[in-house]
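**Student:** Structure provided below as structure tokens; questions to follow.
The values are calculated or read from the model by the stated rules, or taken from the named source; none is laboratory data. Source: prediction; values computed, not measured. Counting neighbours? That spans all protein chains shown, and the Cβs are built from the backbone with ideal geometry, glycine included.
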Amino acid sequence: MMRSKRVCSGLMLTDVMLAIILSLLLLSILFELYLAAHKSLKQQHDFLDMQDNAAAVINALSNEIREAGYIGCPRLDDNFHVISHLPWIISQTNRLVGTEAGELTVRHAGQPVSLISLSADHDVITTDNSRHFSGSDVLLVSDCKHAELVIAEKVNAGKKTQKIKLAQALQYAYEPPAEVSKLIQNTFYLARKKGDVYSFMLRDINGISHELAAGISSLNLLYSVKTTNAWKDTPAKNVMNWSEVSAVAIDLQIQDKTWRAYVRLGSL
Amino acid sequence: MKTQSGISLFEFMICLLLMSASLLGIDMLHVTSVQAARATLYFNTAMQQTDVMINRMLLSRCENMTDIFNQWNDENKALLPRGRGAIAGTYPDYIVSVFWGGEKVVECTLNHPGANGCVRQHVRII
């Protein structure tokens with residue numbers, strides 16, 4: 001009786017073991033690579049976030065500092081005073097004010113400005129629509145000789161012009177093309193979020209706070225004041241007269257990175 | 001007797017080699033992107049530092065600049081790897097340059113980003 005001899009075509013145990021070992025090796029390499037890629041992506045993402053936050057802080061501060069004291073046609077100085085019977089005032093000594101706590105308040109006329117299109121009554125002005133105003137806005141009305149702060153009581157917006165009823169009568173009669181703008185009074189400060197991480201905040205003229213950037217480690221502001229023969233950067237507590245401040249040195253820390261800027265007032 | 005039609009060890013090794021090469025390529029991509037991000041940071045920092053110096057020069061009208069220059073260069077050293085700054089020119093036109101990295105370059109003729117680089121900006125004191 002003949003026995004048939006079958007040829008096995010399946011895998012041997014060693015083949016299977018080798019295949020498993022090599023597959024596991026490959027999988028572990030792939031997994032390591034995935035983890036590395038994920039970590040790298042997160043680092044890049046964090047880095048971009050950090051850059052964005054730094055840019056937001058530096059740009060917001062720089063733009064405001066450059067505009068500090070801008071009131072349109074007239075130039076704010078020790079001899080020019082803005083008339084105001086309101087709780088708000090803008091002058092050479094308060095256009096930019098810092099505090100020991102690190103707050104910085106900047107005041108200026110907001111841009112763009114609208115132009116008076118009809119001779120102004122003492123309590124009604126008509127302007128073009130370059131900028132839209134609304135009731136309760138604090139307005140700065142100025143020609144090249146005078147400037148006044150008033151509150152808009154009611155605004156009737158037309159197609160080309162807007163008629164603004166004022167809550168107070170103007171002291172001077174303003175002829176076209178006198179300028180009307182919103183008074184901007186922004187206070188920048190850091191608010192603690194978690195541990196030693198802060199948010200960069202802006203408080204506007206109405207006392208409403210907005211978060212501009214997060215993840216800030218520290219923000220130091222130094223104010224450049226002219227001494228006898230050089231400009232000196234000094235902290236807010238050493239500034240005696242804020243009208244003498246001509247520039248602000250910004251030192252921003254986010255995690256272990258530092259950003260610096262030096263901004264001159266009125267350099268817009 | 002049937003011949004086996006599976007892949008041989010040699011084929012598998014070739015496959016592994018190709019896969020390793022592609023994985024290394026992906027890894028290199030990450031390294032390159034991190035290097036590019038770092039180069040961008042250095043470039044932006046150097047630009048900020050030239051801006052800082054230009055604004056200080058404009059404010060002081062280039063008078064009594066020694067202390068300011070030394071302080072600025074200390075900042076350059078702290079913010080950039082082997083960072084250093086230079087001011088060339090005569091009143092009222094100056095070139096403010098910031099260098100970083102290992103290469104010793106005396107003059108910056110063009111803005112050059114990278115691990116070793118430089119930026120330059122012209123300023124006229126008016």
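**Student:** Among the residues of segment B:89-106, what is the count of those that are exposed (fewer than 13 other Cβ atoms within 10 Å of the Cβ) and either without any contact (Cβ under 8 Å) to a residue 12 or more places away in the chain or aliphatic (A, V, I, L, M) (or both)?
**Tutor:** Summing the residues that are exposed (fewer than 13 other Cβ atoms within 10 Å of the Cβ) and either without any contact (Cβ under 8 Å) to a residue 12 or more places away in the chain or aliphatic (A, V, I, L, M) (or both) in segment B:89-106 gives 3.
**Student:** Select, from A:M17, A:M1, the only residue that is away from chain B (no Cβ under 13 Å), at pLDDT below 90 and not in a helix (DSSP H, G or I).
**Tutor:** Residue meeting the stated conditions: A:M1.
**Student:** Also, I was wondering about something else. How about segment A:250-265: which of its residues are touching a strand residue (DSSP E or B) at 6+ places or on another chain (Cβ under 9 Å) and more than 8 Å from every other protein chain (Cβ to nearest Cβ)?
**Tutor:** A:I250, A:D251, A:L252, A:Q253, A:I254, A:Q255, A:L265
**Student:** Moving on. Looking only at segment A:180-234, how many residues end up being touching a residue at least 24 places away in the same chain (Cβ under 8 Å) and in contact with a helix residue (DSSP H, G or I) (Cβ under 9 Å, 6 or more places away or on another chain)?
**Tutor:** Total meeting the criteria: 15.
**Student:** Further question on the same structure: Just checking, which of A:N63, A:N53 is in contact with a Gly (Cβ under 6 Å, 6 or more places away or on another chain) and not acidic (D, E)?
**Tutor:** One residue alone meets the criteria, A:N53.
**Student:** Of all residues in segment A:226-249 being touching a Ser or Thr at 6+ places or on another chain (Cβ under 6 Å) and of a type outside the set (S, T, Y), which is farthest from the other protein chains (Cβ to nearest Cβ)?
**Tutor:** A:A236
Yes or no, residue by residue, for (1) more than 30 Å from B:M19 (Cβ to Cβ); (2) not aliphatic (A, V, I, L, M):
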{"position": "A:S40", "(1), (2)": "no, yes"}
{"position": "A:A56", "(1), (2)": "yes, no"}
{"position": "A:P87", "(1), (2)": "yes, yes"}
{"position": "A:R107", "(1), (2)": "yes, yes"}
{"position": "A:P112", "(1), (2)": "yes, yes"}
{"position": "A:I125", "(1), (2)": "yes, no"}
{"position": "A:F133", "(1), (2)": "yes, yes"}
{"position": "A:D137", "(1), (2)": "yes, yes"}
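Listed here are the residues, each with its yes/no results for (1) in contact with a Phe, Trp or Tyr (Cβ under 9 Å, 6 or more places away or on another chain); (2) under 13 Å from A:C73 (Cα atoms).
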{"residue": "A:L139", "(1), (2)": "yes, no"}
{"residue": "A:K145", "(1), (2)": "yes, yes"}
{"residue": "A:A167", "(1), (2)": "no, no"}
{"residue": "A:L170", "(1), (2)": "no, no"}
{"residue": "A:R192", "(1), (2)": "yes, no"}
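**Student:** Further question on the same structure: Restricting the search to segment A:64-80, which residues are free of Cβ contacts under 8 Å to residues at least 12 places away in the same chain and either surrounded by 15 or more Cβ atoms within 10 Å (Cβ to Cβ) or not polar (S, T, N, Q) (or both)?
**Tutor:** Hit for segment A:64-80 is A:R75, nothing else.
**Student:** Within segment B:6-20, take every residue that is more than 9 Å from chain A (Cβ to nearest Cβ) and not in a helix (DSSP H, G or I) and give me the one that is modelled with the highest pLDDT.
**Tutor:** Among those that are more than 9 Å from chain A (Cβ to nearest Cβ) and not in a helix (DSSP H, G or I), it is B:S8.
**Student:** Scanning segment A:242-268 for residues that are of a type in the set (G, A, S) and under 22 Å from A:M50 (Cα atoms), which turns out surrounded by the fewest Cβ atoms within 10 Å (Cβ to Cβ)?
**Tutor:** A:A249
**Student:** Continuing with this model, one more query. Applying the selection to segment A:99-113, what residues are buried (at least 16 other Cβ atoms within 10 Å of the Cβ) and within 16 Å of A:P74 (Cα to Cα)?
**Tutor:** A:R107, A:H108, A:A109, A:G110, A:V113
**Student:** Another question, if that's okay. Across segment B:42-65, what is the total count of residues that are touching a residue at least 60 places away in the same chain (Cβ under 8 Å), among the aliphatic types (A, V, I, L, M) and within 9 Å of chain A (Cβ to nearest Cβ)?
**Tutor:** The qualifying residues number 2.
**Student:** Can I ask one more? Among the residues of segment B:70-103, write down those that are closer than 14 Å to B:H122 by Cβ and within 14 Å of chain A (Cβ to nearest Cβ).
**Tutor:** Within segment B:70-103, B:V96, B:V98 meet the criteria.
**Student:** Filter segment B:72-87 down to residues that are surrounded by 13 or more Cβ atoms within 10 Å (Cβ to Cβ) and without any contact (Cβ under 8 Å) to a residue 24 or more places away in the chain and give me whichever is nearest to A:K232 (Cα to Cα).
**Tutor:** Only one residue fits best here, namely B:W72.
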